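Asker: Below are the structure tokens for one structure; questions will follow.
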Amino acid sequence: MEVVIEPPGVIAALVADAVEGLLAAKPEAVLGLATGSSPQAVYDELARRCAAGRLSFARARAFMLDEYVGLPADHPERYRNVIDRDFAARVDIAPGAVHGPDGTADDLPAACAAYEATIAAAGGVDLQLLGIGTDGHIGFNEPGSSLASRTRLKTLTTQTRADNARFFGGDVGRVPRHCLTQGLATIMSARHLVLVATGAGKAEAVHHLVEGPVSAMWPATIMQHHPHATVLVDDAAASRLQLGAYYREVFAGKPAWQGL
Ligand code: F6R
């Protein structure tokens, strides 16, 4: 696992560089998209580069990590609508090329199985963007999630609902209790995992992710088993890392051609 400790603006540029490099090598690349605050600056940077003609998503496809269950199709915080607004509408990705689990389906298990099949048919995800919850979730794989899980229905923790209340006018009662999420094994099938975390609120989760024992209690720790995982954090999110000085030294000495 590579740990990069840089200011948020540098993190966004580094992740955009990785996406740009991937699309240059493989224009039909499959991207994995996260929602929430963490990838916002990355989407802003990708939109800027796309507008400047530096990269194109015209042949790319994308898969979302997760979706709330129980929100009406036109709800502004439904993740499908968030991704359309924050990413798809701002780049040249083809209509219909962005997929997400269907949280409005009558048959949710069937929708989850169909989602797994669609990801597999696309050849899997090349680069998966991730954020991390304060309780250590990735996707919406809450503590206790099976490390071998696939896309399925989950119940959000009280902590996650409280954290996400800011998107629902500060009212935790309006945050859905259930979601569909790619499982930990689904996420682990992506060829490159790129996790972004900023702010002191993420420091404990980042410490467990990077330096803790692998455990379903901190689901993101499964990333320690991935052969190509990059964790990009700012100073505040890195503040509880025991080997912070070492990670900085490694990144400072890395040849520029290596990329993430
Ligand atoms: C969102 C997702 C979640 C978030 C996490 C952090 O699609 O999968 O794991 O990445 O809850 O959220 P933010 O970035 O808002 O702090």
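The values are calculated or read from the model by the stated rules, or taken from the named source; none is laboratory data. Given the structure is predicted, the values throughout are model-derived calculations rather than measurements. Here the Cβ is made from the backbone with ideal geometry for all residues, glycine too, and neighbour counts use every protein chain on show.
Asker: When you check residue 76 against the structure, is it at pLDDT below 95, farther than 23 Å from residue 196 by Cα and out of contact with any strand residue (DSSP E or B) (no Cβ under 6 Å at 6 or more places or on another chain), yes or no?
Answerer: no
Asker: Separate question: Restricting to the range 222-245, and then to whatever is touching a residue at least 60 places away in the same chain (Cβ under 8 Å) and touching a Ser or Thr at 6+ places or on another chain (Cβ under 8 Å), can you tell me which residue is surrounded by the fewest Cβ atoms within 10 Å (Cβ to Cβ)?
Answerer: Per the stated criteria, the residue is 234.
Asker: Which numbered condition in (1) more than 11 Å from the ligand (Cβ to nearest atom); (2) in contact with a Gly (Cβ under 7 Å, 6 or more places away or on another chain); (3) part of a strand (DSSP E or B) is the only one that residue 193 fails?
Answerer: (2)
Asker: Please work out if residue 119 is under 15 Å from the mean Cα position of the chain (by Cα) and aliphatic (A, V, I, L, M).
Answerer: No, not satisfied.
Asker: Taking residue 79 and the conditions (1) within 14 Å of the ligand (Cβ to nearest atom); (2) more than 23 Å from residue 188 (Cβ to Cβ), which numbered condition does it fall short on, given that it satisfies the others?
Answerer: For residue 79, the exception is condition (2).
Asker: If a residue must be of a type outside the set (Lys, Arg) and crowded, with 24+ Cβ neighbours inside 10 Å, how many such residues does the range 199-221 contain?
Answerer: Summing the residues that are of a type outside the set (Lys, Arg) and crowded, with 24+ Cβ neighbours inside 10 Å in the range 199-221 gives 6.
Asker: Return the residue satisfying two criteria in turn: it lies in the range 178-190 and is in a helix (DSSP H, G or I) and crowded, with 18+ Cβ neighbours inside 10 Å, and of such residues it is farthest from the ligand (Cβ to nearest atom).
Answerer: Only one residue tops the list, namely 188.
Asker: Kindly evaluate residue 193 against the criterion of being within 27 Å of residue 2 (Cβ to Cβ), modelled with pLDDT of 95 or more and surrounded by 22 or more Cβ atoms within 10 Å (Cβ to Cβ).
Answerer: For residue 193, the condition - within 27 Å of residue 2 (Cβ to Cβ), modelled with pLDDT of 95 or more and surrounded by 22 or more Cβ atoms within 10 Å (Cβ to Cβ) - is met.
Asker: I'd like to check something: does the range 181-194 contain any residue that is farther than 17 Å from residue 79 by Cα, in contact with a His (Cβ under 6 Å, 6 or more places away or on another chain), of a type outside the set (Asp, Glu) and touching a residue at least 60 places away in the same chain (Cβ under 8 Å)?
Answerer: Yes, the range 181-194 contains a residue that is farther than 17 Å from residue 79 by Cα, in contact with a His (Cβ under 6 Å, 6 or more places away or on another chain), of a type outside the set (Asp, Glu) and touching a residue at least 60 places away in the same chain (Cβ under 8 Å).
Asker: Still on this structure: Which residue, of 134, 160, is modelled with pLDDT of 95 or more, within 9 Å of the ligand (Cβ to nearest atom) and not in a loop (DSSP other than H, G, I, E, B)?
Answerer: 160
Asker: Now for a different question. Just the residues that are buried (at least 16 other Cβ atoms within 10 Å of the Cβ) and out of contact with any Lys or Arg (no Cβ under 8 Å at 6 or more places or on another chain), please, taken from the range 115-127.
Answerer: Listed by number, the residues that qualify are 115, 119.
Asker: Would a scan of the range 95-116 turn up a residue that is farther than 24 Å from residue 183 by Cβ, away from the ligand (no atom under 14 Å from the Cβ) and part of a loop (DSSP other than H, G, I, E, B)?
Answerer: yes
Asker: Yes or no: residue 44 farther than 21 Å from residue 182 by Cα and of a type outside the set (A, V, I, L, M, F, W, C)?
Answerer: Taking the combined requirement at face value, the residue satisfies it.
Asker: Among the residues in the range 165-177, are any assigned to a loop (DSSP other than H, G, I, E, B), touching a residue at least 40 places away in the same chain (Cβ under 8 Å), of a type outside the set (A, V, I, L, M) and more than 10 Å from the ligand (Cβ to nearest atom)?
Answerer: For the range 165-177, residues assigned to a loop (DSSP other than H, G, I, E, B), touching a residue at least 40 places away in the same chain (Cβ under 8 Å), of a type outside the set (A, V, I, L, M) and more than 10 Å from the ligand (Cβ to nearest atom): present.
Asker: Residues to consider are 221, 155, 151; find the one that is β-branched (Val, Ile, Thr), touching a Lys or Arg at 6+ places or on another chain (Cβ under 7 Å) and away from the ligand (no atom under 12 Å from the Cβ).
Answerer: 155
Asker: Check 74, 102 and return the single one that is of a type in the set (Asp, Glu) and farther than 22 Å from residue 190 by Cβ.
Answerer: Just a single option satisfies the conditions, and that option is 74.
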